[in-house]
Amino acid sequence: MTNVSATPVVLHLCGSAASEYYEGVSTYYSNECFEEVAKHGTYDNRPCIVHLDGTWSFPADLSEGAKAKAERLTIAQAFAKIAELKPATMVPHMFCLPGMTTYRGIFDALCIPIVGNSAVVMGISTNKVQSKAIVEAAGVPVPPAQLLKKGDVPHMKRPFILKPCNEDNSQGITLIKENTDLQKALDYAFSFDYEVLCESYIELGRELRVAVLEKDDGSFQMLPCIEYFLTDDSPIRTPQHKLVTDSRGVPTTAVVGGRKCPADIDDVLAKKLLNLAVKSHTALGCRDYSIYDVRVDPQGEPFFLEACLYCSFAPKSVIVAMAGEVGMKQREVYEMFVDRSIKRKREADEQAADGAAKRLGMRA
């Protein structure tokens, strides 16, 4: 189902199947990306929106007028439309759990390549307990933690952090200090997920975002890090540090300020961060790129907090901003990964055409 025209069709998968909050996140970042890539003319970029009521639409662009005029389709009709478009690849802009897993999986089933990480990897990384266990087994330092179900009591000494196991943008997170109402914090976390991670608090040294790119030769390039400036009064990142919301709590734009890129990283710390990122990337089975939230304690030792395995390729998105510090433009980053995903599909098709069908194994 690969487009064979001179201009490959690139489908941009937007929207949310979960909440207005994540619909807002997707709207902001996908609009920023689409507006930028539409200028270049390298591909025929097409929006594809999943709506909260389960319908799909394929507007001409992401303007409000175009979205309002676009016909709402059932999922069966949407599949027929996708077959008609014959996309060469898909760029995911869905940030809810179904968007990062189920809807990526749909495109895997349709044999349409995906830019970035697979649905399977996203499912692992979004589960904080699973991802921590995997990277820890690979030798990556992680804070001690306990998985809580409803009714469980944390056994960890305060201070510690409660966070929903499957959630993003610091939703449901609380730092539990000596005077914190534990039950209130538990109720808050469990309002987002049926599993909660109780994680030992790493004393504030530095809070970094670390990213690596896979190069064509299989090696890794660590991009300049972002440092988030926190204080003793506000020592962890909360939703207010990340996204600006409207009166109903729906995101409208990203928070600016309170950070520095490139962060001042000496050679000793840089080596530790590269080791953490490459081990995590490999252990989780990442593809193309990966991003990690890292806490550095006052002694200079880094700890893996979370894997953040998505990129909208908007001009202000993390990977694009970091890459800009080494002279890579948004267009270069975007087209590098789009072309790579198209190449993966082409090589798989060529292998299949040679009659190299698999006899054994459960992976496609």
In whole angstrom, note down how far apart the Cα centers of the range 227-298 and the range 58-74 are. 34 Å
Name the most mobile residue of D288, D246, D339, meaning the one with the largest mean-square fluctuation, in a Gaussian network model of the chain with Cα contacts below 10 Å. D246
What Kirkwood hydrodynamic radius, in Å, does the range 64-104 give when the mean of 1/r is taken over all pairs of distinct Cα atoms and then inverted? 12.1 Å
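Based on DSSP H assignment, which helices of the chain show an axial Cα extent of at least 20 Å together with a mean Kyte-Doolittle hydropathy greater than or equal to 0.5? Mind dumping the intermediate values first?
Working: long enough: 20-37 (25 Å, -0.84); 267-284 (25 Å, 0.52); 330-353 (35 Å, -1.37).
Sorted by number, the helices that extend far enough and score high enough are 267-284.
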For the range 255-301, the fraction of alpha-carbon pairs in successive 10 Å shells from zero, as %: 20, 48, 29, 2
Let me know the whole percent of all Cα-Cα pairs from the range 153-297 that are separated by more than 25 Å. 39 percent
Taking 8 Å as the Cα distance limit and 6 or more residues as the minimum spacing, I'd like the relative contact order of the range 1-112 as a percentage. 38 percent
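Counting only heavy atoms of protein chains, what accessible area per residue, in Å², does the range 159-305 have with a probe of 1.4 Å?
Working: 6660 Å² over 147 residues.
That works out to 45 Å² for each residue.
List, in the order given, every pair from K149/K177; K128/K358; K215/K343 whose Cα-Cα distance in the structure shown is over 23 Å.
On the way: K149/K177 21 Å; K128/K358 34 Å; K215/K343 14 Å.
Flagged as over cut-off: K128/K358.
Using the Cα gyration tensor of the range 262-364, with a ≥ b ≥ c the square roots of its eigenvalues, what is the shape: rounded (a/c below 1.5), prolate (a/b larger than b/c) or oblate (neither)? If you can, show how the numbers build up before the last one.
Working: a/c = 3.13, a/b = 1.66, b/c = 1.89.
Judged from the Cα gyration tensor, the range 262-364 comes out oblate (a/c at least 1.5, b/c at or above a/b).
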Share of carbon and sulfur in the accessible heavy-atom surface of the chain [1.4 Å probe, %]: 53 percent
Taking the radius of gyration and the Kirkwood hydrodynamic radius from Cα positions alone, what is the Rg/Rh ratio for the chain, to two decimal places? 0.97
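The values are calculated or read from the model by the stated rules, or taken from the named source; none is laboratory data. Model, not experiment: these values are computed from the prediction. Note: areas computed on protein heavy atoms with side chains; ligands, DNA, RNA excluded. Shrake-Rupley method; radii C 1.70, N 1.55, O 1.52, S 1.80 Å.
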